[in-house]
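Asks: Supplied in structure tokens, the structure appears directly below.
The values are calculated or read from the model by the stated rules, or taken from the named source; none is laboratory data. Small disclaimer: the values here were computed from a predicted structure and weren't measured. Note: ideal-geometry Cβ built from the backbone for every residue, glycine included; neighbour counts use all protein chains shown.
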Amino acid sequence: MLNVLNDAVPVACWSCSIGHNDSTLFCPHCSKIQPPPGGDYFSVFNLEPRLNLDLKALEQEFHRLSRKLHPDRFARALENEKQWSLADTALLNDAYRTLKDPLRRTEYLLKLLGNGVTEEHNHTDSAGGASKDTSRVPADLLEEAFELNMQLEEMRFARKSGAEDPELLASLEDAKKKFTALLEAVDRDLRVCWTAWDGGDAAARQAQQKKMVALLDRRRYLSNLVRDVNEVMGA
Amino acid sequence: MAEGRVVGIDLGTTNSLVAYMEGEAPVVIPGADGLNLVPSVVALDPIPADGGRPTITVGNTARRALMETPERVVYSVKRLMGRGLEEIQEELKLFPFRLAEDAQSGPPDPNEVPRIQLGEMRFTPPEISAYVLRQLKRNAERYFGSAVTQAVITVPAYFNDAQRQATKDAGRMAGLEVLRLVNEPTAAALAYGLDRAKEGTIAVYDLGGGTFDISILKLRDGIFEVQSTNGDTHLGGDDIDNLLIAIALGEIFAENGVDLRPYPGAVQAVRKAAIEAKIKLSTEEEARFDIELPNGDRYKREIPREVFEMLIEPVLERTAGPCKRALADAGITPAEIDEVVLVGGSTRIPAVRQLVDDLFQLQARGKKPHTELNPDEVVALGAAVQAGILAGASKTTEEMLLLDVTPLSLGIEALGGTVARIIQRNSTIPASATEHFTTGVDGQTNVAIHVVQGERELASDCRSLARFDLKGIPPMSAGLPRIEVKFLIDADGILNVTAREQRSGTEAQIEVKATYGLTDEQVESMILDSFDNAEADFAKRLLIEARNEAATILAAVERAPQSAAWTQLTADEKTKVAVARDYLAAKMQEDDAEAIREAVQILDLATRRFAELMMEAAVSTAIGGKTMAAASEDMGDEIAAPHPMAAAEFK
């Protein structure tokens, strides 16, 4: 699957006409900037898809490529070079933003492999629509989450009427601790998955991908809860 | 130089400046009055009685007109840039902007670009800014003696798409190709970064005349990577002035029984006094108002610094929120900020410095904010550095690169009026997002998209950027078309959109209708020279000057044979003079100023020995027969007689 994505189509350089690999930002022969290549975000950095990345090396490569690609370097270049510099740098920035953040990186890889939530916006004439994330409540959290939401409502109401309920506050503090701990547990599990995926064969990877989809769902739900608690407690 | 210089311009709410890279260092270019700051004030001169063209005055002269003819003068127009009629209602209560009242039928369009009435004429905010830019362009041209056509212009980091576009439009109207819009705090960081430690995290706190920005940057190996930015495009020194003015007007009404508000000239006198008092309170413990009222009374009042600081606290406090949000977005704590840079005239106020100190725990960590560079000039200096980076002309800037971010999230309106974010705030620009759209009804051939900018959940609470229609979708069953729309925020922070229908492979047509702002045609019609072409354009002016210079030297050569010194020249020397003379005479017939200047120099060279002979003769006559060498010994090193044929200096 990944090989298909990375399959390079030979194209001719616009400047020197020598054929080169499609997934290159610069012509290997004349060094001129090329239109945005077709590969994935990993290939921008000349990387195989991986979930554990050396962030320091990634940043260095980002800086090195920025120096060469940025529109500031093409302010007085040909019009088409300017356009490609803009498109290439946007691709570089999008890729870096996605890959430097482990969660975004995981989501991206899953989407690349067809495990992600497909996002297609259904539009009617009058109003546009983009799918809002509707995370399912993990079964084991159903009861506690319900109770927490009730308490949050109560707290909001109390805040509005100016009354403070120390008991409620203490119980919210407890809930916050508990859900934060759960969130940390998810992150630990995710890290285990990353390593397993990076080192696994095709079958092992499939299994990890499934796990990660579930973990990401759970994580989204938990982090929303923690955010709500923080908001209500006026963090 | 083939391409000419690129200048850096700080187009400020209160003052504007132009700077450039002189070798390896940025330098501010003064105006004809010798001052670096050009007040961002524009005045329409009285219309000539003979029906001549109306003229516009910019800067200090315009500011002086503010007291005499306030109805012909406008300032702080940056507050209106890129904003619709509906959005500026608050500003109208605080600033004496006079909007043109169009006799148009029907309700006014809330998104319309406002027009400002100056005397008999009306102008859009970008046109007013274009006059300021043109003044700066002229100052630079006067300084260089050559045309300036390319510039980097700074904008508040928190400016949205429409405000940026309006600034670019103003540049175009002024005859400038805007190579880049740079965020003001980032520009300041560039100016400081020239000779500073190569690594670290810095915060730039920029409180100007009308805008507040905070940016957090990471510096590494010459790369200035903005981590986050936040701000308020309507918060600045102006707000402090308005507080003082409101108090003075209230007291004058209460104590003297005079309501000054109907008298714009008198209000301007109060405003001037308020600004002076504010400035004084940065260094003194007390300032005083002493204003003559139209009825001859005087309004006197003392303002201790303590009272002033109490008054302005709510204004200053409004800068704290954006700072905290910027820190949170960058994912760092105040203690992780290595250095703080202060920018903008308002950061001279001691209470502002105290607030910054508290926010970033500076004193507690044995640190001080950077104020080495003049806070009024540092943004323009940074713009010049960025201009140097773009021109690629300086060794210092060769290794520098600025990676800035978009200050506001970009989203599209989804079902139910909510916002689906497609590019998050603080994403490094250029940034892009690709979205796929489809149809909801069989045979549907167009899809409407509404793009907004902002952080709120509902589209109606965000800033509407543009609406467009994807047209020409081939009729298919609902949900079958797959239209790929690419949103790209460029290095200026401005949105570009392209679309393609993927199933049929046709390019979907898009008509991007910006919600606010001028159309291309409108901008075109407002280009200043098309309105006011009374002045010859710069190339023509240069040509005329070069021809004058040529005529002067040719006349002198014409008279040369009458001089005794001429006989001392060899035949060869005389021939050389004749050849150079004919060459210049020929070049003068052509329209190339550069070639004429070159020919003048050749003739100048050919006549050098003759000039020396003449000078020696003149000097020996004057000092009674001594040789040139002996004479110069007598006079020390001061001898500096001009070349008798030297071209006059053209200013």
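Asks: Being on the phi > 0 side of the Ramachandran plot and of a type outside the set (D, E, K, R) narrows it down to one residue among B:Gly193, B:Gly171, B:Gly200; which is it?
Replies: Result of the check over B:Gly193, B:Gly171, B:Gly200: B:Gly200.
Asks: Of all residues in the stretch B:132-161, count the ones that are among the polar types (S, T, N, Q), part of a helix (DSSP H, G or I) and farther than 23 Å from B:Ala593 by Cα.
Replies: Result for the stretch B:132-161: 1.
Asks: Check A:Gln60 against each of (1) facing chain B (nearest Cβ under 10 Å); (2) crowded, with 16+ Cβ neighbours inside 10 Å and name the one condition it does not meet.
Replies: Only one criterion is unmet by A:Gln60, namely (2).
Asks: Another one. If A:Gly199 satisfies every condition in (1) closer than 21 Å to A:Asp101 by Cβ; (2) surrounded by fewer than 17 Cβ atoms within 10 Å (Cβ to Cβ) but one, which is the exception?
Replies: Answer for A:Gly199: the failing condition is (1).
Asks: On the given criteria, is B:Leu401 on the phi < 0 side of the Ramachandran plot and away from chain A (no Cβ under 14 Å)?
Replies: Details: on the phi < 0 side of the Ramachandran plot: yes; away from chain A (no Cβ under 14 Å): no.
Criteria not met by B:Leu401.
Asks: Determine whether B:Gly388 is crowded, with 22+ Cβ neighbours inside 10 Å, closer than 17 Å to B:Phe224 by Cβ and more than 13 Å from chain A (Cβ to nearest Cβ).
Replies: no
Asks: What do you reckon, is B:Asp357 away from chain A (no Cβ under 14 Å), part of a helix (DSSP H, G or I), out of contact with any Leu (no Cβ under 6 Å at 6 or more places or on another chain) and of a type in the set (Asp, Glu)?
Replies: Spelling it out, B:Asp357 is indeed away from chain A (no Cβ under 14 Å), part of a helix (DSSP H, G or I), out of contact with any Leu (no Cβ under 6 Å at 6 or more places or on another chain) and of a type in the set (Asp, Glu).
Asks: Looking only at the stretch B:412-427, filter to residues that are of a type in the set (D, E, K, R) and surrounded by fewer than 22 Cβ atoms within 10 Å (Cβ to Cβ); which one of those is farthest from the other protein chains (Cβ to nearest Cβ)? Show your work before the answer.
Replies: Within the stretch B:412-427, the subset of a type in the set (D, E, K, R) is B:413, B:421, B:425.
Filter once more, keeping what is surrounded by fewer than 22 Cβ atoms within 10 Å (Cβ to Cβ): B:421, B:425.
Values: B:Arg421: 9, B:Arg425: 12 Å.
Across the stretch B:412-427, the extreme among qualifying residues is B:Arg425.
Asks: Given the residues B:Glu276, B:Glu292, which is the only one that is surrounded by fewer than 16 Cβ atoms within 10 Å (Cβ to Cβ) and more than 29 Å from the chain's Cα centre (by Cα)?
Replies: After ruling out the rest, the residue left standing is B:Glu292.
Asks: Counting just the residues of the stretch B:454-467 that are away from chain A (no Cβ under 12 Å) and within 13 Å of B:Val497 (Cβ to Cβ), which one comes out surrounded by the fewest Cβ atoms within 10 Å (Cβ to Cβ)?
Replies: Selected residue: B:Ala466.
Asks: Please determine whether any residue of the stretch B:360-380 is in a loop (DSSP other than H, G, I, E, B), on the phi > 0 side of the Ramachandran plot and more than 11 Å from chain A (Cβ to nearest Cβ).
Replies: Just the residues of the stretch B:360-380 that are in a loop (DSSP other than H, G, I, E, B), to begin with: B:360-362, B:366-369, B:371-377.
Filter once more, keeping what is on the phi > 0 side of the Ramachandran plot: B:361, B:366.
Within this subset, residues satisfying the condition of being more than 11 Å from chain A (Cβ to nearest Cβ) are B:361, B:366.
Yes, that holds for at least one residue.
Asks: Whether any residue in the stretch B:471-481 is among the hydrophobic types (A, V, I, L, M, F, W, C), under 12 Å from B:Ile412 (Cβ atoms) and either out of contact with any Phe, Trp or Tyr (no Cβ under 6 Å at 6 or more places or on another chain) or more than 10 Å from chain A (Cβ to nearest Cβ) (or both) is what I want to check. Break it down stepwise before answering.
Replies: Step one: list which residues in the stretch B:471-481 are among the hydrophobic types (A, V, I, L, M, F, W, C), which gives B:473, B:476, B:478, B:480.
Now narrow it down to the ones that are under 12 Å from B:Ile412 (Cβ atoms): none.
For the stretch B:471-481, residues among the hydrophobic types (A, V, I, L, M, F, W, C), under 12 Å from B:Ile412 (Cβ atoms) and either out of contact with any Phe, Trp or Tyr (no Cβ under 6 Å at 6 or more places or on another chain) or more than 10 Å from chain A (Cβ to nearest Cβ) (or both): absent.
Asks: May I ask you to say which residue of B:Val58, B:Val152 is more than 28 Å from B:Ile240 (Cα to Cα) and either among the β-branched types (Val, Ile, Thr) or in contact with a Ser or Thr (Cβ under 6 Å, 6 or more places away or on another chain) (or both)?
Replies: Of B:Val58, B:Val152, the one residue that is more than 28 Å from B:Ile240 (Cα to Cα) and either among the β-branched types (Val, Ile, Thr) or in contact with a Ser or Thr (Cβ under 6 Å, 6 or more places away or on another chain) (or both) is B:Val152.
Asks: Looking at B:Ile303, B:Ile312, which is the one that is within 21 Å of B:Thr347 (Cβ to Cβ) and assigned to a helix (DSSP H, G or I)?
Replies: When all the criteria are applied, what remains is B:Ile312.
Yes/no per residue for (1) in contact (Cβ under 8 Å) with a residue 40 or more places away in the chain; (2) over 18 Å from A:Tyr108 (Cβ atoms):
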position	(1), (2)
A:Phe42	yes, no
A:Pro49	yes, no
A:Asp54	no, no
A:Ala75	no, yes
A:Glu81	yes, yes
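Asks: While we're here: Filter the stretch B:428-453 for residues that are of a type in the set (Ser, Thr, Tyr) and touching a strand residue (DSSP E or B) at 6+ places or on another chain (Cβ under 6 Å); which is farthest from the other protein chains (Cβ to nearest Cβ)?
Replies: The extreme case among them is B:Thr434.
Asks: Provide a single number: the residues in the stretch A:67-95 that are out of contact with any helix residue (DSSP H, G or I) (no Cβ under 8 Å at 6 or more places or on another chain), more than 9 Å from chain B (Cβ to nearest Cβ) and surrounded by 20 or more Cβ atoms within 10 Å (Cβ to Cβ).
Replies: 1
Asks: Let me ask another. Right, B:Val113: assigned to a loop (DSSP other than H, G, I, E, B), in contact (Cβ under 8 Å) with a residue 24 or more places away in the chain and more than 30 Å from B:Leu543 (Cβ to Cβ) or not? First the steps, then the outcome.
Replies: On the way: assigned to a loop (DSSP other than H, G, I, E, B): yes; in contact (Cβ under 8 Å) with a residue 24 or more places away in the chain: yes; more than 30 Å from B:Leu543 (Cβ to Cβ): yes.
Here the answer is yes, as B:Val113 does meet what is asked.
Asks: Using the structure shown, decide if A:Gln34 is within 14 Å of chain B (Cβ to nearest Cβ), over 26 Å from B:Val152 (Cβ atoms) and either under 23 Å from the mean Cα position of the chain (by Cα) or surrounded by 19 or more Cβ atoms within 10 Å (Cβ to Cβ) (or both).
Replies: When the stated conditions are applied, A:Gln34 does not pass them.
Asks: While we're on this one: Look through the stretch B:232-262, keep the residues that are in a helix (DSSP H, G or I) and of a type in the set (S, T, N, Q), and return whichever of them is nearest to the chain's Cα centre (by Cα). Walk me through how you get there before you give the answer.
Replies: Let us first name the residues in the stretch B:232-262 that are in a helix (DSSP H, G or I), namely B:237-256.
Keeping just the survivors that are of a type in the set (S, T, N, Q) gives B:242, B:256.
Values: B:Asn242: 24, B:Asn256: 42 Å.
Across the stretch B:232-262, the extreme among qualifying residues is B:Asn242.
Asks: Let me ask another. If you go through the stretch A:49-99 one residue at a time, how many are of a type in the set (Ser, Thr, Tyr) and over 21 Å from B:Met400 (Cα atoms)?
Replies: Restricting attention to the stretch A:49-99, the residues satisfying the condition of being of a type in the set (Ser, Thr, Tyr) are A:66, A:85, A:89, A:96, A:98.
Next, only the ones that are over 21 Å from B:Met400 (Cα atoms) stay: A:98.
The total comes to 1.
Asks: Let me ask you something else. Spot the failing condition for B:Ser409; the list is (1) of a type in the set (S, T, N, Q); (2) facing chain A (nearest Cβ under 9 Å); (3) surrounded by 19 or more Cβ atoms within 10 Å (Cβ to Cβ), and only one is missed.
Replies: (2)
Rundown of residues vs (1) facing chain B (nearest Cβ under 9 Å); (2) part of a helix (DSSP H, G or I); (3) modelled with pLDDT under 90, yes/no style:
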{"residue": "A:Arg97", "(1), (2), (3)": "yes, yes, no"}
{"residue": "A:Arg104", "(1), (2), (3)": "no, yes, no"}
{"residue": "A:Asn115", "(1), (2), (3)": "no, no, yes"}
{"residue": "A:Glu119", "(1), (2), (3)": "yes, no, yes"}
{"residue": "A:Gly129", "(1), (2), (3)": "yes, no, yes"}
{"residue": "A:Lys132", "(1), (2), (3)": "yes, no, yes"}
